[in-house]
Amino acid sequence: MLAPTVTPVVTGAAPNQLTSLESFTSQINEGFGAIAPNVRKLNTEATRAPLPTDDASQGYEVGSRWLWQGQEWVASNTSRGSAEWGMVGGEALEAAQNAAQAGIPYTTRDNFLAANVPLVVTRSLFFVNGYTYAVVRDASGPIVQANGQTWRPDGEVTPYHFGAKGDNEANDSPAFQAMFDWVMREGGWEEIYLPKGQFVIETRITSAANPAPATSLTRGLRVRGAGAGCVIVNKNAEGFFAWLNLSARNIRAHMTGFSVEMANGGNNGTIIELSQVPGGIARVPAVMIEYVHIFPRDRLVDYYTQGIKIIGCFWPRVYQCTVANPFGPNVTTATQHQGEVGINVDECYGPQVVSTKVWGAARGFSYDVQSNPGGEGGLIDDCVFDSKVGAYIRAAGKEPGFDIIATHFNCAEKSIHLINKKLCNIRDCLVYSEELGPFVDIDIENSEDITVRNMRFHFTGNPNRTHIRTDINCHRIFIEQCKHRANAVAMDLHGQQIFVTEPHFETMVTTQIIDRGVAGLFVKNIRPYFAQRSLSAPQSIPDITETAVAWDVNDGNFGFGAAPSSTITIPANMGIRRVRLTVQTRWGNNSTGQRAVRFTKNGAAFAGGVRSSKQANGLTYDTITCDVDCTDGDVFRALVSQTSGVAQNFGALDVFFRVEAT
């Protein structure tokens, strides 16, 4: 059986005082199996050594511990039916027994530091906040010092090993700084474990690149918190942590599972900052921050300058995080949107932000890349931005690629600002804002091959707000199947080759489409723009006299003028460029002569216009339809005529004239 290379840290509740062999033995024999961090099965009553069948099916995993008759095994393989358990000689028990025999009360870290640790003890325990931690002798220290002798953490490195209190009162900055300094000095991929506790940080923690060889593919740092209950309390004006000026390759950083509570008013600085972490080798993210939550202790007054700042990195990832400044009811204008940026990934390559919420920043997300080449790729997916500007994305020279998917924007001034980009997709998002003013929700500048699809714009109503704007330098912009529900300007378009397909206007808006001279504006399948008119009473049509029907009932209308008349006019600024005309006729009970109907456009016949003439046969019905190109202000009529020799009644039942945008 293979022996494991690392003995897991012993964690769990501990009594207040352990000063005798009996108490140590009781602690280990009665509860040690249950309090090891990755034990899945209580085995303190086992009557034998572990077998190959004590595997994953029994709840064990690599690193699980087995204690029996003062001996200890650790699982190195838990494959079904072929588990491997390596004997480690009961070192934890031996260390505890040695310490107890020497009368050393390892009840707290302070007591441990003051103890005269006998040379025979190579591994010992100390207890902080109800948790047990292990240390081993190490000549490379100093980490933990006791009477001039140096020790290092055995297993996971924690701030408690370096003197942290985690009591929401003591300043734990020196302990955190010593911990990071030691990890960086050790080199290689090191993991820091942040247990439960409230760690007060009064001085920003900084770290530089470690000195491990540049050829190492494992260089970097992982900070793993205990999740709920692991809180960093920031009480300084610079922020919690900064890893700066990293220029060596293959460096990676991973932070997960803790919260940062801002408690320094409006001076909390940049909470987490990592810069120039090249990494990203073999599609491995250089920086990954996940399950990290930044929030104000006082929701009305505590805020950051920048929440998460990652500069100059390959493939940075921010997953399942919360970056919150003051927000919600009773927040004053003095603190609302005061933080500069929630998530800043300027000068990075291919950033991804997924399932993350940003509240209360002037700019929720910033991806500004002015180095050339730079700014390729990127993703925002399933996020929430409640800020002044949602996502600001600018490249140096139209570098390709960025997707914004299924994200909720509630932004005062702009939801998405896209500059100098190409081959980007914005789709399936909800855009909502109650702010008044001449603001733009999706602002596209100097970009090409951009698709905006299946967006939903929903406001309480602001006629000065614009949903989608393109400038004169835009080229090949595709706006597809977007839903506009607001009293606003749906689209303000400029540039070349703008394609608008199937826009859906759920309620009437101020202006649908403003065409500012687009060189090639293609609009099709606008729905549900239509107008339908009918008659309230029969209209008398003279013999052999073509007559415009005087429609006087408005059967339905969306986007057209509501007042019924003999004409239907294409409204301005709606982007309607093709319509379908339909008219249904019904004549009185007479079988003499012909009954005819046709359309006119601007008072004249037009190419493709339909005309119908048929022999009267009692109550004579007819229906004609045609599709025709149009532009703003075009006027359409339905003209009827008859040759019975006398005037005939036309309508009123079952007759209508309909114009529908296609």
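Residues in the range 472-500 that are open to solvent by 30 Å² or more (accessible area, probe 1.4 Å) and at pLDDT 80 or above: Ile472, Asn473, His475, Arg476, Phe478, Glu480, Gln481, Lys483, His494, Gln496, Gln497, Phe499.
Counting only residues that are modelled with pLDDT of 60 or more and farther than 18 Å from Arg317 by Cα, the range 239-252 holds 2 of them.
Within the range 619-652, being open to solvent by 30 Å² or more (accessible area, probe 1.4 Å) and among the acidic types (Asp, Glu) holds for Asp627, Asp629, Asp632.
Listed here are the residues, each with its yes/no results for (1) open to solvent by 20 Å² or more (accessible area, probe 1.4 Å); (2) of a type in the set (Phe, Trp, Tyr); (3) at pLDDT below 85; (4) more than 26 Å from the chain's Cα centre (by Cα).
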position	(1), (2), (3), (4)
Leu217	yes, no, yes, yes
Ala237	yes, no, no, yes
Val260	no, no, no, no
Gly266	yes, no, yes, no
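Within the range 449-471, the set of residues being farther than 24 Å from Ala572 by Cβ and either among the aromatic types (Phe, Trp, Tyr) or at pLDDT below 85 (or both) comprises His458, Thr460.
Residues in the range 363-413 that are among the small types (Gly, Ala, Ser), part of a loop (DSSP other than H, G, I, E, B) and farther than 25 Å from Pro438 by Cα: Ser371, Gly374, Gly375, Gly377, Gly378, Ala406. Screening the range 114-138 for residues that are over 46 Å from the mean Cα position of the chain (by Cα) and at pLDDT 70 or above and picking the one that is farthest from Lys165 (Cα to Cα) gives Thr122. For the range 490-499, filtering for residues that are of a type in the set (A, V, I, L, M, F, W, C) and over 27 Å from the mean Cα position of the chain (by Cα) leaves 3.
In the range 310-329, what residues are open to solvent by 50 Å² or more (accessible area, probe 1.4 Å) and part of a strand (DSSP E or B)? The answer is Phe314, Tyr319. The residues in the range 395-436 that are open to solvent by 40 Å² or more (accessible area, probe 1.4 Å), within 19 Å of Val318 (Cβ to Cβ) and in contact with a Leu (Cβ under 8 Å, 6 or more places away or on another chain) can be counted, and the count is 2.
To keep it simple, each residue is scored yes or no on (1) without any contact (Cβ under 8 Å) to a residue 60 or more places away in the chain; (2) open to solvent by 30 Å² or more (accessible area, probe 1.4 Å); (3) assigned to a strand (DSSP E or B).
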site	(1), (2), (3)
Thr585	no, no, yes
Val597	yes, no, yes
Asn617	yes, yes, no
Asp654	no, yes, no
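Against the numbered list (1) under 30 Å from Arg516 (Cβ atoms); (2) open to solvent by less than 20 Å² (accessible area, probe 1.4 Å); (3) not in a loop (DSSP other than H, G, I, E, B), Arg580 comes up short only at (2). Name the one entry in Ile343, Ile308, Ile272, Ile294 that is within 21 Å of Asp386 (Cβ to Cβ), over 17 Å from the mean Cα position of the chain (by Cα) and at pLDDT 90 or above. None of the other options fit; the residue is Ile272. Given the structure, is Arg222 open to solvent by 50 Å² or more (accessible area, probe 1.4 Å), closer than 21 Å to Val345 by Cβ and at pLDDT below 65? Taking the combined requirement at face value, the residue does not satisfy it.
Checked against the criteria, Val628 counts as assigned to a strand (DSSP E or B) and in contact with a Gly (Cβ under 9 Å, 6 or more places away or on another chain).
So that you can scan it fast, the table gives a plain yes or no per residue for (1) of a type in the set (D, E, K, R); (2) at positive phi:
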position: Gly390; (1), (2): no, no
position: Phe409; (1), (2): no, no
position: Asp428; (1), (2): yes, yes
position: Val431; (1), (2): no, no
position: Glu445; (1), (2): yes, no
position: Met455; (1), (2): no, no
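The values are calculated or read from the model by the stated rules, or taken from the named source; none is laboratory data. As the structure is a prediction and not an experimental result, all values here were calculated from the model. Neighbour counts are summed over all protein chains in view; Cβ atoms, including those assigned to glycine, are modelled from backbone coordinates with ideal geometry. Accessible surface is based on the protein model in full, side chains and every heavy atom, while ligands, DNA and RNA are left aside. Shrake-Rupley method; radii C 1.70, N 1.55, O 1.52, S 1.80 Å.
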